[in-house]
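S.K.: Structure incoming, see below.
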Amino acid sequence: MNLMRLLYFGLIALVMASCVSKKRLTYLQEGNSQVTDSLIPIKRSIEPYRLQVNDLLSIRVKALDQETVGIFNPISDASNVNANNEERLYFDGFVVDVHGNIRIPSLGDIPVLGYTVDEVRKDLEARLLKDYFKKEANVFVTVKLAGIRYTINGEIGRSGSNIIYRDQATIMEAIGNSGDIPLTGDKTDVVIIRQYPLGQKVHHIDLTNIDAMNSPYYYLKPNDLIIINPLPQKSLGTGTTGLQTFTTLMSVIAALATTILLFNRL
């Protein structure tokens, strides 16, 4: 009987350890604050993104002289008329090559590595006004990143690469677009591998804490790799909810009890 009691206590302890607590499941918790209607100051990242190799740019030129403008604005081939947005950007966009340049008709190679999109826009406008247009032509240049591409893997509903067609997006939007983190995913330690001009860095963010919204890693950057690690409960295989764990362990207890009773009868 002492053996059975020890077994029961051990299994109860295992149940308690294998259940996933609510604190690890809820996003952006406010801690111990009892004020639910208070304004939470959010510090948005104001540091502009600087272009890197393999970034894809969408560039459009507008002016009163439509004939000259047509030289600089790419037009898809007829074979690509039914292509989706991503395919059109691939054919019509301007890729930053390994030398940090983009190649534009008539203008040739333009260095953009380490520039912001606003700096590229001003540079292109100055080049066009100098060599191709007069000031009266009202040259208007638009330079945008061709969406924010990211890859998300691990404990996520749908892993893979995605593109958000906006100038700014958050990691919560990336997770939402990928089917959310299941109960077995660790929201307290989400890994972000971010590219920089000299290499890659690994960052961590706790999405269960409201302070995550003030983190510089809360906002996506192009080519971010997001990794959602599994909770220890998944490797235990006892279940992710209390009911699942209880059902699994009761089956184990019943099997062990039956084995012990049969052994004692021998």
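The values are calculated or read from the model by the stated rules, or taken from the named source; none is laboratory data. Source: prediction; values computed, not measured. Here the Cβ is made from the backbone with ideal geometry for all residues, glycine too, and neighbour counts use every protein chain on show.
S.K.: Restricting attention to segment 46-58, does a residue exist that is more than 30 Å from Ile205 (Cβ to Cβ) and modelled with pLDDT of 60 or more?
M.R.: Let us first name the residues in segment 46-58 that are more than 30 Å from Ile205 (Cβ to Cβ), namely none.
Looking through segment 46-58, none of the residues is more than 30 Å from Ile205 (Cβ to Cβ) and modelled with pLDDT of 60 or more.
S.K.: Answer yes or no as to whether Gly176 is at pLDDT 90 or above and not assigned by TED's automatic domain parsing to the domain that holds Glu86.
M.R.: Working: at pLDDT 90 or above: yes; not assigned by TED's automatic domain parsing to the domain that holds Glu86: yes.
So Gly176 passes the test.
S.K.: So Asn101 clears everything in (1) out of contact with any Ser or Thr (no Cβ under 9 Å at 6 or more places or on another chain); (2) more than 30 Å from Leu231 (Cβ to Cβ); (3) in contact (Cβ under 8 Å) with a residue 40 or more places away in the chain except one condition, right? Which one?
M.R.: (3)
S.K.: Any residue in segment 140-163 that's farther than 17 Å from Leu225 by Cβ: show its pairings with residues that are basic (Lys, Arg) at Cβ separation under 7 Å, as long as the two are six or more apart or on different chains.
M.R.: Note: pairs meeting the criteria are Phe140/Lys62; Val141/Arg121; Thr142/Arg60; Val143/Arg121.
S.K.: Further question: Identify the single condition in (1) under 24 Å from Pro216 (Cβ atoms); (2) at pLDDT below 95 that Tyr132 does not satisfy, given that it satisfies every other one.
M.R.: Status for Tyr132: all satisfied but (1).
S.K.: Quick one: in segment 183-225, of everything that is assigned to a helix (DSSP H, G or I) and under 15 Å from the mean Cα position of the chain (by Cα), which residue is farthest from Gly154 (Cα to Cα)?
M.R.: Filtering segment 183-225 down to residues assigned to a helix (DSSP H, G or I) leaves 210-214.
From what is left, the residues that are under 15 Å from the mean Cα position of the chain (by Cα) are 212-213.
On the way: Ala212: 20, Met213: 22 Å.
Looking at residues that are assigned to a helix (DSSP H, G or I) and under 15 Å from the mean Cα position of the chain (by Cα), I get Met213.
S.K.: Within segment 202-216, count every residue that is β-branched (Val, Ile, Thr) and within 14 Å of Ile175 (Cβ to Cβ).
M.R.: First, pick out the residues of segment 202-216 that are β-branched (Val, Ile, Thr): 202, 205, 208, 210.
Subsequent filtering for residues that are within 14 Å of Ile175 (Cβ to Cβ) retains 205, 208.
Total meeting the criteria: 2.
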